[in-house]
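The values are calculated or read from the model by the stated rules, or taken from the named source; none is laboratory data. Remember, predicted model here, so these are calculated numbers, not experimental data. Cβ placement follows ideal geometry from the backbone for every residue including glycine, while neighbour counts extend to all protein chains displayed. To get the accessible areas, we keep the full protein, side chains included, count just its heavy atoms, and leave off ligands, DNA and RNA. Shrake-Rupley method; radii C 1.70, N 1.55, O 1.52, S 1.80 Å.
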Amino acid sequence: MDDRADAGGSRAGKTRTSREDRDLTTPAGTAALSKGLTLLDIVADAPDPMRFADLLRASGLPKPTFARILRTLVAFGLVQQDEAKGTYMLGRRFLELSHRVWDSFDLVAAAVPELDRLSAEIGETVALCRLDGDVVQYLDERSGDGLSVRVDVGRRVPLHCTAAGKVLLAYQDPALGRAIMERLKLDGFTRQTITTTEALQADLTLTRARGYSVSYEEHLTGVNSVSAPILGRDGTPIGALVALGPSSRLDATSIHPAGRELIAAARRITGSAGAVAITSRPRPRASQGRPQASLSCVLPWGAQLGEAPVWHDAQRLLYWVDILHPAVYRFAPETGRNEACDTGKLISAVLPLEDGRLLVASQDGIEWLNFETGEMTPFASPEAGLRDNRLNDAKIGPDGAIWIGSMRIDASRPTGALYRVEPDGTTTRKESGITVSNGIAWSPSGDTLYFVDTVPGLIHAYDCQPSTGAIANRRVFARIPESEGRPDGIAVDEEGGLWCAIWDGWRVNRYDTEGRLERAIDLPVPRPTSVAFGGPDLSTLYITSARTRLPASSLAEAPLSGGLFACTPGVAGAPVGLFRHG
């Protein structure tokens, strides 16, 4: 007799007995089923086991209905209760069922249709890989027509210099990933090969932020590659999809759209929705009913994730960053010159000082940056030890302190927070439970703080004490429906109006002081990311944008994605202070 079958039968009998003993009445109808599945999703997605009251609040159900459905899920073993702590988590029966699915899952067979489709669509060699000890092994491949990169099934290649290897490393269980990293020999294969642990770790952090990895001639001269993970039930990779092509063809322009296609294919293979909050397809473009005559693309740069614009009045320069092609830029509107400082690791915000120095928010904390040399030195680390988090947007408050938000690297859980960092580096956490912390701004008087949590589509407002930075009375200032996009970076004008870039919304919104949508500026790109007032009299509104994860069809419709835009909205911005240190 098969031991698993015997155990399964015994468990089923116990489940039936438990249900009969409790004399439960299961709600009937599809509406009840939908509510039950929704409640199961809430339990599964919670970063920590939730209490009865928290689940009830999250479900939005009437208490009697909620209690009846929860008891039913417990009776069937799909949810279990920790009676000592009063919390609920996924039950053993749910995990048993998921294990049965994965035990019989044939990765190669499931990947075949996607390999065929991807090879035809991308026009390059596409392969299925898995981790084999400390190397990558090719399991299957499909080659496009004409000249292509040859991949031999069964061949093993290094981890540190291949796109497939880096994506398998980036998504590994942290303990296993660290063990592999310690054993790796970072041998050089080309001039582009990563040969230091620090540089490799920076690349892995970028990989998780993007959702895919890239290799520009790191293993073979003349060959580029891009790879996305195929994630298993525990969120770690059971394999990877990789596209390989000549560097002249699979270049910086085409490699990122290919990464987006690989992510979608990997999700289809396992039926996984994925964890990253960045969507892969924007909303349809609305009709052009709100033109802004002065709007222009002042810098068609093609940034992957342009962000964090800030005006330096004394220098007459606009600083901004590209998070996913890590660099800090300074743009001179008078000449159109855009100087770059490549940082080699993820940078999410730049903070100019009054004395001309720069601070940046990096994957390692808040650091000093020498723009001329690229050298970085630590200043403060609000989340030291939180390896799965990274810092995001940052601003200088009316109190002279740095206000900076954080988020989980893959945006899969609400582990983000908002911090206040004083000139001496002293850090205080002001808010927590944020999924993707984003725009930060203050009213002209400084007595209201605005803070964006992108995933739920909320712009929060707080009462703020300008001199001390004390905040209280959090409330929803504005809510952006997901069907219209998601709120990103913000800025406030001298009249108190709040301007917000709407990711996937093709526009920038202006809200009055009561949170009512007053007007919008239509844009020729779907993913504006942030806004800042600049120019000698702060009358110019600068708008950064992104092209990350956009499919080829969207890039064809919006070729200026990733560019820097400017317009004169008819109202000047509220002054924003610079940081003083020492």
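Observations on the model:
- Relative contact order computed over the stretch 522-582 (Cα-Cα under 8 Å; 6+ residues apart), in percent: 37 percent
- In order along the stretch 407-416, the Karplus-derived 3J(HN,Hα) couplings, from 6.51 cos²θ - 1.76 cosθ + 1.60 at θ = phi - 60°, round to 7, 5, 4, 9, 6, 8, 9, x, 9, x Hz, and Gly and Pro are given as x.
- Close amide H pairs (under 5 Å, H built 1.01 Å from N) link residue 434 with 416, 417, residues at least 5 positions away or on another chain.
- By average C-beta atoms within 10 angstrom, highest first, the peptides 159-165, 38-44, 247-253, 314-320: 159-165, 314-320, 38-44, 247-253
- For the pair the stretch 293-313 and the stretch 178-246, the centres of their Cα atoms are 30 angstrom apart.
- Over the chain, accessible surface divided per residue gives 43 Å², non-protein components excluded, 1.4 Å probe.
- Each Cα pair under 8 Å and six or more residues apart adds its separation to the average, and for the chain the resulting relative contact order is 10 percent.
- Packing-based ranking of 471-479, 568-576, 496-504 yields 496-504, 568-576, 471-479, ordered from highest to lowest mean Cβ neighbour count within 10 Å.
- Summed residue charge, Cβ within 12 Å of residue 345's Cβ, Lys/Arg positive, Asp/Glu negative: -4
- Counting only aspartates and glutamates at least 8 places from residue 85 when in the same chain, those with an alpha carbon closer than 16 Å to its own are 48, 54.
- From the alpha carbon centroid of the stretch 557-577 to that of the stretch 41-91 is 46 Å.
- Hits among lysines - C-alpha to C-alpha of residue 166 under 18 Å, sequence gap 8 or more where chains match: 185, 345
- Packing order of peptides 454-462, 122-130, highest average first: 122-130, 454-462 (average count of other Cβ atoms within 10 Å over each peptide's residues).
- Accessible-area composition of the chain, carbon plus sulfur, in percent [1.4 Å probe]: 49 percent
- Sequentially through the stretch 190-206, phi angles give Karplus couplings (6.51, -1.76, 1.60; θ = phi - 60°) of 9, 5, 8, 5, 6, 10, 10, 4, 4, 5, 5, 5, 5, 5, 5, 5, 4 Hz, Gly and Pro residues having no value and appearing as x.
- The listed residues 353, 131, once ranked by accessible area (1.4 Å probe) with the largest placed first, stand as 131, 353.
- Take every Cα pair under 8 Å whose residues are at least 6 apart in sequence, average their separation, divide by the length of the stretch 479-582, and the relative contact order is 23 percent.
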